[in-house]
Amino acid sequence: MSAVLTCGRFKLSLERPLVMGIVNVTPDSFSDGAQHFGAREAIEHARRLVTQGADILDIGGESTRPGAQAVSADEELARIMPVLEGVKDWGVPISIDTCKPAVMATVLAAGADMINDINGFRADGAVKAVAASSTCGVCVMHMQGEPRTMQAHPVYRDVVSEVKAFLADRAQALRGGGVTLGRIVLDPGFGFGKTLEHNYRLLHDLQALRVDDYPILLGVSRKSMIGKITGRATDQRLGGSVAAALAGVVRGAQIIRVHDVADTVDALKIWSIIEQGVRA
């Protein structure tokens, strides 16, 4: 298992789980849409996340919730770029959540350290866009279908083996395009073309999704897979989200993408003390 992730200007140790804080610069994201829609609000939110212990910031300018409508590359960049400019010199890696090659190329040239692509770098030019940067991190996510229709009727013969095969194939495509091993992260894509049963099967069998030495990113924060079990509204899913995050870490997840950074960081500190047998 790789102990270091090359992420643009940074070399991130994976000796402990890393926390990726979510910064949605959108009017319609499922959990915090419009709360930070505006550069100043988004930058202030990002600063809070860093203060709370975020290891990486993940900035998104297009909602990918089920049923979400696509936006143009120009609109996405208009949302992202002022925030990227405001946070890129904070000493924290900046990830950009996008599936558009034109956006990837622009934000990498402007100083972004990682690209997080829900489409698994399948768009024409996506692999080339990230390969052109010799050091950016890349997160490859699995998604069945596309955001507008992905939850209509997801079907798998064997969700674990199919997701693993997809991730392995996309990692190989990136390697073939010139992206080195230590830059690639894999994300099973919880909630992206999966039923409740699919999501929990993937979480239960997360270790079986391991492909070579690629680290796994877990993104379950506040999602419907939490709400359907707890009966909680989106803004009341902290307990369930932290429980799922810890279950993922136990099963090998090395990066946890979350809305609630402070609580997740605290939970991981306690888990780490217990696991290491270190006296507090």
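Write down the Kirkwood hydrodynamic radius of segment 130-229, to one decimal in angstroms, obtained as one divided by the mean of 1/r over all alpha carbon pairs.
Across segment 130-229, the inverse of the average 1/r is 14.2 Å.
Please arrange LYS11, LYS100, LYS164 by counting, for each residue, the other beta carbons lying within 10 Å of its beta carbon, fewest first.
Fewest to most other Cβ atoms nearby, the residues stand as LYS11, LYS164, LYS100.
List the residues of segment 120-145 whose backbone N lies under 11 Å from a point placed 7 Å from the Cα of SER161 along the Cα-to-Cβ direction.
none
Which order, highest average first, do 238-247, 110-119 follow once you tally other Cβ atoms within 10 Å for each residue and take the mean per peptide?
Ranked by mean Cβ neighbours within 10 Å, highest first: 110-119, 238-247.
Please report the antiparallel percentage of the DSSP beta bridges confined to the chain, to the nearest 5.
Roughly 15 percent of the beta bridges in the chain run antiparallel, per DSSP.
For LYS228, LYS194, which order do you get if you count the other beta carbons within 10 Å of each Cβ and list the fewest first?
If I rank by nearby Cβ atoms, fewest first, I get LYS228, LYS194.
For the pair ALA78 and GLN276, how long in nm is the line joining their label points, each one 7 Å along Cα→Cβ?
4.8
Place a point 7 Å from the Cα of GLN207 along the Cα-to-Cβ direction; which residues of segment 252-268 have their backbone N under 16 Å from it?
From segment 252-268, the list is 252-254.
If the only charges are +1 at each Lys and Arg Cβ and -1 at each Asp and Glu Cβ, what is the size of the charge dipole of the chain around the Cα centre, to the nearest 20 debye?
460
Do you know the relative contact order of the chain, to the nearest whole percent, from alpha carbon pairs under 8 angstrom that are 6+ apart?
So the answer I get is 19 percent.
Per residue of the chain, what 222 nm ellipticity follows from adding -39500 (n - 2.57) for every DSSP H run with n ≥ 4, rounded to the nearest 500?
-11500 deg cm²/dmol
Within 10 Å of each residue's Cβ, count the other Cβ atoms and sort ILE270, ILE229, ILE22 from fewest upward.
So the ranking, lowest neighbour count to highest, is ILE270, ILE229, ILE22.
Taken together, the values in this text are just the output of simple stated rules run on the coordinates, not laboratory data. Because the structure is a prediction, the values reported are computed rather than measured. Positions of Cβ are generated from backbone atoms using ideal geometry, with glycine treated the same way; all protein chains shown enter the neighbour counts.
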